Structures are given as C-alpha cells and as structure tokens.
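Q: Have a look at this one.
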Amino acid sequence: MSDLRINSDRLWDSLMELAKIGATPKGGVKRLTLTDLDKQGRDLVTGWARDAGLSITVDQIGNVFMRRDGEDNTLPPIMTGSHIDTQPTGGKFDGNYGVLAGLEVVRTLNDKGIKTRAPIEVAFWTNEEGSRFVPVMMGSGVFCGAFTLEHAYAAKDTEGKTVGEELERIGYKGDEVPGQHPIGAYFETHIEQGPVLEDADKVIGVVPAVMGLSWYDCTVTGMEAHAGPTPMHLRKDAMQVAAQIIPEVVAIANRYPPYGRGTVGMMQVFPNSRNVIPGEVKFSIDLRNVNDELLNKMHEDMLAFIDKTSAETGLPVKIERVSYYPPCPFHPDCVGAVRKATDKLGYSTMDVVSGAGHDAIYAARVAPAGMIFVPCKDGISHNEIEDAKKEHLEAGCNVLLHAMLERAGVV
Ligand SMILES: [Zn+2]
C-alpha cells in the first residue's frame, strides 16, 4: 500500500479539461457560481464521477457529494472537496484542484481495486468565492449552520437574480437538507495562494490552522479650517491623529509574531482638499492572528492605543468592529494524518498557516478537518496568471490519498 501513487497525467488532464469551461484569453478561468458555465462545469465533474462508479447526492444549497461505498456503509464517509466556481479573473487551480484531486484519489483506488472500510466522498461546495453572491463560502456555511438556507437563497447578484432562482434554473437545487450528511473526517487540498512554500522551496504545506481576522472602521473627527490662517497650535487636524494610529497597526502585528498581521488598506479624507485642514479621516484596520488569545490581545492593544491617542490630542476617535472570523485550528488527527502521509512519501514540508478562507473552515465546525497546501507560482491566485507545477499537484494528491486511506482504513 505504501507504493500506491496517483496518476499525475490524468489529474493534470482533468484540470486542463475543466479549465476549458469559461477559459479566458489570458489563460485563466471565469466560471462564476450558478451561471450556465458553472452548470457545465458541474455536469462535467459529476459525469466523471458517474463514470468512476460514484453515486451523487445534491443538497438544497447545491452542494454535491460524490460517494464511493466502503465495506461498512454505516460509517460516516471520509470526505475531501473544495469548489469549482471561480473569481471573474480566476485561475485553473483555485478550488478545482481540491475537487479533481479527490476524484483522482477515487480513480486510483478503482484502478487498484482497493476497498476502504469507511466510504469515501468527494464534495464540491456552492459559491465559495463570494464574487457573484455574498456571503462567501456559502454552501459550506449553510451546511454547518453558520447562516440559514433562506438567507443564502435571498442573496442577489448585481442584476437582481437570487441564489434560489439560479440554483433552480441550472438544476442543482437538490433535496437533501444541508448538514444532514455525516462526515467522518474532511480533507481539502488547495494551492497555497501565498508565497511561503515557494520562498522556502518546500513541496507540501501542512496546515495547522487558518488565521482569524478582526475588521474595524476607524473615524477621527477634527475640524475643517483654512490651511494658511490657522496657526498650528489652534488646529484640530484629523489627518495628523490618523497618522499616529496607522503605524501602531503595524507595530501591534509585529508584537505578536510570527502570524500577527496588521493592515490599513482603505482611507477617506474629508473634505480631501489640499488647502483645508482635514475635518474627518476614516480608515479600515485589518488585524489577524492564528489563535483567539493573541487576536484578542491585538484587539485590546488597538483599543488602548486609540483611547490614549484620543485623550492626548483631544480629538474624538471612534472605532467599530465590523467583522470577526475566529481563528480555525484544524483537528490534530487530520493534521497528523497529513503530516504522516507527507513524511512517508518523503516530500519536503513545512507548516503553513492559511491566511485565506476555505470551505474546510466551515467543515471543521461539524467534523475533524485538515488541509494540504501545494505551492503556486509567485504565490499568486485570484488572477488569470495563477499557475502551479504538475509535480507539486501530484505530490499534494498523493498526500491526500494516503491521509484519506489512513482515516478510512483499507480492507
Ligand atoms: Zn479556493
């Protein structure tokens, strides 16, 4: 069993075949969720699954589960999956790799006539990207109860079409109640979408956790006045106070290494005129870290600094938390299975904490879960130039195969 390997040509060819649906002139893919192209992609993948002897279940939010029976079908399935919808300027690998790696695992087991104790399932989740409809990670979010089916159905695109209507239209509104589908363990392979593996020249990223994030809107209120006649000591300059807070965002991130992140990415200055002292400055703050305790400390530091700055300058500073996603540690059994498979197969490896969201985060709320990362070129994704090496995709799929076999058991 330790000699068992997937067929990397077949995996690559399937990826290239699926990428033809919605292919863009620059070599990327535009296959937005619940469009005609998404239907074509879904039909192609489920067709391949039927050819591989899998049975298919679709739930009411359009999540698709493709099942290979095990010896004991009362056991919950060992599942893998991801998404096949893309960004408007998406690539061939984001999401698609996770689904087709799962299919390749099944095809390999079929080739070798290997029977597992628990069933194996390959899933693709509806609207992971959140580009046409919000919220993101919609299918897996409904599945784990993060929000309701009704809330998801009512989401509208820019043309006013709803998720409910579009699911119906493309024929992927199934019968199964979301969440009424047992999962024994969940694995997701994905391109890293960051530069860490490539930079360190490693092939497999073992993912212990996904970072949590805290988003804030911060508003400093001053008073507009003429930039010439108003002496320096009589000003209420909102920009100068914002300019004290912004470097502190970075300082806070640096105080909680190695995973502390602090970003100010958006700023509005009122009235935004070169000879007016700014009366109001609004900006965003994005704080991230890998566990709740550290993220909370960053939050407390931020509030304390803002209080102090406001008191010292006499200008009101309002800070409001607008979003919070808790950090998601993956299950030690699944992380361990990935680590063990990677070591057994002899690939170079390191731990990589995910800074991006994935369906595995929601799967982790209802089952033990883990992820496998492979490098992507220059760490770039959500871009038509997204690229990955065939041998890296092969390695990730081999790790998936062996991790799943360990959890499913071989008869
Ligand atoms: Zn993805």
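Q: Answer yes or no: is there a residue in segment 70-87 that is surrounded by fewer than 24 Cβ atoms within 10 Å (Cβ to Cβ) and either within 19 Å of residue 130 (Cβ to Cβ) or within 14 Å of the ligand (Cβ to nearest atom) (or both).
A: Yes, segment 70-87 has at least one match.
Q: Assuming residue 92 fulfils every condition listed in (1) within 16 Å of the ligand (Cβ to nearest atom); (2) closer than 22 Å to residue 3 by Cα apart from one, which condition is it?
A: Condition (2) is where residue 92 drops out.
Q: Kindly indicate which of 95, 91, 113, 102 is among the small types (Gly, Ala, Ser), farther than 19 Å from residue 172 by Cα, out of contact with any helix residue (DSSP H, G or I) (no Cβ under 8 Å at 6 or more places or on another chain) and open to solvent by less than 40 Å² (accessible area, probe 1.4 Å).
A: Answer to the check: 91.
Q: Moving to a separate point now. Test of understanding: among 65, 93, which residue is within 18 Å of residue 385 (Cβ to Cβ) and at pLDDT 95 or above?
A: 93
Q: Please name all residue pairs, on different chains or six or more residues apart, with Cβ atoms under 6 Å, provided the first residue is in segment 346-358 and is among the basic types (Lys, Arg) and the second residue is open to solvent by 40 Å² or more (accessible area, probe 1.4 Å) and away from the ligand (no atom under 16 Å from the Cβ).
A: none
Q: Enumerate the pairs (first residue in segment 260-289 and farther than 29 Å from residue 325 by Cα and modelled with pLDDT of 95 or more; second residue anywhere and open to solvent by 70 Å² or more (accessible area, probe 1.4 Å) and not in a loop (DSSP other than H, G, I, E, B)) with beta-carbon separation below 6 Å, excluding pairs fewer than 6 apart on the same chain, so at least 6 apart or on different chains.
A: Correct list of pairs: 279/270.
Q: Sticking with this one: Take the conditions without any contact (Cβ under 8 Å) to a residue 24 or more places away in the chain and either open to solvent by less than 10 Å² (accessible area, probe 1.4 Å) or of a type in the set (A, V, I, L, M, F, W, C) (or both) and apply them to residue 19. Does it pass?
A: no
Q: If I filter segment 37-56 down to residues being open to solvent by 50 Å² or more (accessible area, probe 1.4 Å) and in contact (Cβ under 8 Å) with a residue 24 or more places away in the chain, which single residue comes out as nearest to residue 82 (Cα to Cα)?
A: Result: 39.
Q: I've got another one for you. How many residues are open to solvent by less than 10 Å² (accessible area, probe 1.4 Å) and not aliphatic (A, V, I, L, M) when one looks only at segment 57-69?
A: Number satisfying all stated conditions: 4.
Q: Which of the following residues is within 26 Å of residue 211 (Cβ to Cβ) and open to solvent by 80 Å² or more (accessible area, probe 1.4 Å): 258, 229?
A: Unique residue meeting the criteria: 258.
The values are calculated or read from the model by the stated rules, or taken from the named source; none is laboratory data. In this text the structure is predicted, and so the values were computed from the model without any measurement. Please note: Cβ atoms are built from the backbone with ideal geometry, for glycine as well, and neighbour counts cover all protein chains shown. What goes into the accessible areas is simple: the full protein's heavy atoms, side chains included, and nothing from ligands, DNA or RNA. Shrake-Rupley method; radii C 1.70, N 1.55, O 1.52, S 1.80 Å.
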